[in-house]
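K.L.:
What follows is a single structure, and I will ask about it in a moment.
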Amino acid sequence: MQVKHPRKGIYILPNLFTTAALFAGFYAIVQAMNGQFEQAPIAIFIAMIMDGLDGRVARWTHTESDFGAQYDSLSDMVSFGLAPSLVMYEWALSGLGKLGWLAAFLYAAAAALRLARFNVQTGGDSRYFTGLPSPSAAALIAGLVWVLHATYGVPGKEVSFIALGFTVFAALSMVSNIRYHSFKHFNVKDRVSFVAVIVVVLVFVLISLDPPQVLFLIFLGYAISGPLLASLRVYQQRGSKRRSPESRRL
């Protein structure tokens, strides 16, 4: 009796999107090396779109695989780890000497640690991410370059310390234990109010009016939301302890 072995191979459709994200990240690095700091941030945002699509396509078409998950993680390291750090280094940090390339390396290492931690995490509250997701950190870095260079024409060397602060902040946020909303509980198949539809339309209109500034402000707000909400929770916990009957008797 002949035993049929399962056919080995990879699913082409979701991995095409992953490859497109990898290509966009690599393209951003090449453009930064050539001093094209308008195209490089755009390529990183395109990588974000492709990265968001590959997993969804895999789930919709039932083509999820361990290979796809590992390939996606390696692609993320290039597109959201190496690409933003090198773009920022070429644009602003190179003028700071050793401090500049150490900050760029800190960001790249933090992205690698963030991705590794995400890959091994099991369980937990799916509504939240632990640490700033690497695509959001990359959008924060790329958005800063895009806004200051393309919109205002500011040379990176003139704002090198501001760039340094954003780079270190993004790196530390990725490896922190601060919780960020994942928005995974949002289901596109659910019914929503008419006001929610209007809000979505307004967001698209604002992005179309000024993509660099609007996208940068969105991801800056998201990056700041984690520390702000964590501080608010600590303040509320301390307030509840002061108002508790046990603390009053003491």
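The values are calculated or read from the model by the stated rules, or taken from the named source; none is laboratory data. Keep in mind it's a predicted model, so treat the numbers as computed, not measured. Positions of Cβ are generated from backbone atoms using ideal geometry, with glycine treated the same way; all protein chains shown enter the neighbour counts.
K.L.:
So, in segment 72-101, exactly how many residues are acidic (Asp, Glu) and under 17 Å from residue 48 (Cβ atoms)?
P.N.:
2
K.L.:
Identify all residues within segment 146-160 that are touching a residue at least 60 places away in the same chain (Cβ under 8 Å) and of a type in the set (Phe, Trp, Tyr); write none if there are none.
P.N.:
Within segment 146-160, just 146 meets the criteria.
K.L.:
What number of residues in segment 60-75 are touching a helix residue (DSSP H, G or I) at 6+ places or on another chain (Cβ under 7 Å) and either in a helix (DSSP H, G or I) or within 16 Å of residue 168 (Cα to Cα) (or both)?
P.N.:
Residues that pass the stated criteria total 5.
K.L.:
Would it be correct to say that residue 43 is under 20 Å from the mean Cα position of the chain (by Cα), part of a helix (DSSP H, G or I) and more than 20 Å from residue 174 (Cβ to Cβ)?
P.N.:
Yes; evaluated as a whole, the condition is true for this residue.
K.L.:
Helices (runs of 4 or more DSSP H) wholly in segment 168-250 with at least 2 residues that are modelled with pLDDT of 90 or more and among the hydrophobic types (A, V, I, L, M, F, W, C) - which ones?
P.N.:
211-243
K.L.:
Please go through segment 90-102 and give me each residue that is surrounded by 24 or more Cβ atoms within 10 Å (Cβ to Cβ) and closer than 9 Å to residue 164 by Cα, ordered by number.
P.N.:
92, 93
K.L.:
Checking the conditions here, which among 78, 87, 57 is under 21 Å from residue 161 (Cα atoms) and either in a helix (DSSP H, G or I) or out of contact with any His (no Cβ under 7 Å at 6 or more places or on another chain) (or both)?
P.N.:
The unique qualifying residue is 87.
K.L.:
Restricting to segment 137-161, what's the tally of residues that are surrounded by fewer than 22 Cβ atoms within 10 Å (Cβ to Cβ) and either of a type outside the set (A, V, I, L, M, F, W, C) or more than 17 Å from residue 224 (Cβ to Cβ) (or both)?
P.N.:
Residues meeting the conditions: 12.
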